[in-house]
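The values are calculated or read from the model by the stated rules, or taken from the named source; none is laboratory data. Every value quoted in this text rests on a predicted model; they were computed, and no experiment measured them. Methodologically, a virtual Cβ is constructed for each residue, glycine included, from the backbone with ideal geometry; neighbour enumeration extends over all protein chains shown. Only protein heavy atoms, including side chains, enter the accessible area calculation; ligands, DNA and RNA are left aside. Shrake-Rupley method; radii C 1.70, N 1.55, O 1.52, S 1.80 Å.
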Amino acid sequence: MTITSLLPGRLGLGTAPLGSMFRDVSAEEAAATVDAAWDHGIRYYDTAPFYGAGLAEIRLGDSLAGRPRDSYVLSTKVGRVILDEVEDPAARELGEKGGLFEHGRPNKIVHDWTADATKRSIEDSLRRLRTDRLDIVWVHDVAQDFHGDDWLAVYESARTGAFRVLQQLRDEGVIKAWGLGVNRVEPIELTLDLDEPKPDAFLLAGRYTLLDHDRALERLLPTAADQGVSLVVGGPYSSGILAGGTHFEYQDAPAHIIEKVARIKELAERHGVSVKAAALQFSLAHPAAAAAIPGATRPSRIAEDVAALDEAVPAAFWTELREAGLVSPLAPLPVA
């Protein structure tokens, strides 16, 4: 089964915000958001132990507990084991992502991509998600943004540990697909060069968006397409800056990004196009892109995402966007 045939639609829900990312999100707000996604026909849900130290998985599991398990697709990630022991969430060492989930649970997060940790992580996720099976499992954050100069050692630990466990689980039919879930292209490029094991897909966050796509287009996406490996686009709104927010790369957006967004917004307004629609449809226009999974913590955002996917965007907008140098000449555009 390819991941394209596995996924029930082109729009899923990313649940990092349900782990109280950036702010303290109430359980009621989280539940209402998942309910809104369900009511709008979304049937693919992505989560991770890392999101609020298990909080997003718990909340997603609670919200989906009464839904028929065969009616939705569920993915989570391995690489972090959540302990009962507590720590100060604000003091966690998270590389470039420091403080991201300081409003989540205080449970201690252990970074571990070995075989034994991978098996334990899956068992723990099944319990928190209140389900008997996972459809897709991603190897989480084996990249430089979290680990700096040590990232290759982390990657090697995952290659000899998590990769092999997930390949075996897929081959045995326990899971349907596996791959990497990262914010950088380099670990995916390394993985696509391996003879074995071979992933089915990858979840790439923030690297195939209106604001940042050149590197992915150079080598990664052509190689993935040649190998039949699909892309799930995480962070299509670049941490919120393309959806009216102020964050880029999970931090306050720098001046040059704010200026670029302003240029895109001005062009979009001239053509009567919402920036959300432009961002979402651009990310899905590449033939390797199987789905996009924007995150949300407010039910109204789900309706906006569904509308953005269906919005009619004139070809003249894309032409002018290209002519203005705001998208790569190599990028496929969502026009006939």
task = Kindly indicate the residue of region 129-149 that is among the charged types (D, E, K, R) and under 14 Å from S75 (Cα atoms) and also surrounded by the most Cβ atoms within 10 Å (Cβ to Cβ) among those meeting that condition.
result = D135
request  = Assess whether L204 counts as being free of Cβ contacts under 8 Å to residues at least 40 places away in the same chain and more than 19 Å from A279 (Cβ to Cβ).
outcome  = no
task = Name the residue, out of A316, A268, A279, A307, that is at pLDDT 95 or above, within 25 Å of L330 (Cβ to Cβ), open to solvent by 50 Å² or more (accessible area, probe 1.4 Å) and assigned to a helix (DSSP H, G or I).
result = A316
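Being crowded, with 20+ Cβ neighbours inside 10 Å and either modelled with pLDDT of 95 or more or touching a Ser or Thr at 6+ places or on another chain (Cβ under 6 Å) (or both) narrows it down to one residue among A243, A177; which is it?
A177 is the lone residue from the list that is crowded, with 20+ Cβ neighbours inside 10 Å and either modelled with pLDDT of 95 or more or touching a Ser or Thr at 6+ places or on another chain (Cβ under 6 Å) (or both).
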query = Within the bounds of region 150-169, is there any residue that is open to solvent by 50 Å² or more (accessible area, probe 1.4 Å), assigned to a loop (DSSP other than H, G, I, E, B), modelled with pLDDT of 95 or more and out of contact with any helix residue (DSSP H, G or I) (no Cβ under 8 Å at 6 or more places or on another chain)?
reply = no
message = So, F248, is that one open to solvent by less than 40 Å² (accessible area, probe 1.4 Å) and at pLDDT below 95 or not?
response = yes
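Residue by residue, here is whether (1) polar (S, T, N, Q); (2) in a loop (DSSP other than H, G, I, E, B); (3) in contact with a helix residue (DSSP H, G or I) (Cβ under 9 Å, 6 or more places away or on another chain); (4) open to solvent by less than 60 Å² (accessible area, probe 1.4 Å) holds:
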| residue | (1), (2), (3), (4) |
| --- | --- |
| L194 | no, yes, yes, yes |
| F202 | no, no, yes, yes |
| Y208 | no, yes, yes, yes |
| L217 | no, no, no, yes |
| A224 | no, no, yes, yes |
task = May I ask you to verify whether T118 is at pLDDT 95 or above and over 21 Å from the mean Cα position of the chain (by Cα)?
result = no
